[in-house]
Amino acid sequence: MRYADKVVLKYTDKTQKHYDPDLGRMVGGKEVTKTTACNVTGASLELQAKLGDLLKASSIVVRFRSPISDGIDTIEYNGGKYKPVTVRSYLNGRNVIYANKVVK
């Protein structure tokens with residue numbers, strides 16, 4: 001499998017936003033982005049049938065070679081925004097994210 005696609009993973013720092021007197025500024029709660037290589041395909045009809053109403057026709061399946069440990073809020077791929085529905089982790093360290101397209 002080739003990991004030739006690129007996605008931007010966005011997640012929000014889960015620490016409460018507060019003022020740090022040592023730094024002299026607000027810290028925590030900021031959005032962090034990470035661009036990573038992956039393999040992106042559409043969701044098959046068989047997979048949509050297995051997961052029921054979780055996946056839609058515009059859903060994507062994103063496969064990563066390395067483990068993804070961050071709680072991802074959104075995924076950007078080809079100018080579209082996707083919201084993760086479920087994440088699967090395998091013993092060999094690879095992860096798969098099933099995501100639905102966000103309708104504006």
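Each value in this text was obtained by applying a stated rule to the coordinates, not by laboratory testing. Here the structure is a predicted model, which is why all the values come from computation and not from measurement. Glycine also receives a Cβ, built like all others from the backbone with ideal geometry; neighbour counts cover every protein chain displayed.
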Task: Sites matching chymotrypsin sites (Phe, Trp or Tyr not before Pro) across segment 29-104 that sit in DSSP coil, with at most 11 neighbouring C-beta atoms within 10 Å - done: Y90
Open item on the list: From the phi angles alone, apply the Karplus equation (6.51, -1.76, 1.60; θ = phi - 60°) to segment 4-15 and give each ³J(HN,Hα) in whole Hz, x where the residue is Gly or Pro.
Closed with: 9, 8, 10, 10, 10, 9, 10, 8, 9, 4, 7, 6
TODO: For every helix of n ≥ 4 consecutive DSSP H residues, a contribution of -39,500 (n - 2.57) applies; sum these over the chain, divide by its total residues, and give [θ] at 222 nm rounded to the nearest 500 deg cm²/dmol.
DONE: -1500 deg cm²/dmol
TODO: Name the most mobile residue of R65, R25, R94, meaning the one with the largest mean-square fluctuation, in a Gaussian network model of the chain with Cα contacts below 10 Å.
DONE: R25
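So how much slack lies between N39 and Y11, counting 0.36 nm per residue of separation and subtracting their Cα-Cα distance, in nm? Write out the running numbers ahead of the final one.
Numbers: separation 28, 0.36 × 28 = 10.08 nm, distance 1.99 nm.
Result for the pair: 8.1 nm of gain on full extension.
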TODO: Kindly list the residues of segment 49-70 that lie in the label zone of R94, defined by a backbone N under 18 Å from the point 7 Å along the Cα-to-C-beta vector.
DONE: 60-69
Open item on the list: Please list 3J(HN,Hα) in residue order for segment 28-45, calculated via the Karplus relation 6.51 cos²θ - 1.76 cosθ + 1.60 where θ = phi - 60°; whole Hz, with x for glycine and proline.
Closed with: x, x, 8, 8, 10, 10, 9, 9, 9, 7, 7, 10, 10, 9, x, 7, 6, 5
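Rule-of-thumb check for the chain: C-alpha Rg over 2.2 N^0.38 Å?
Compactness ratio reported: 1.25.
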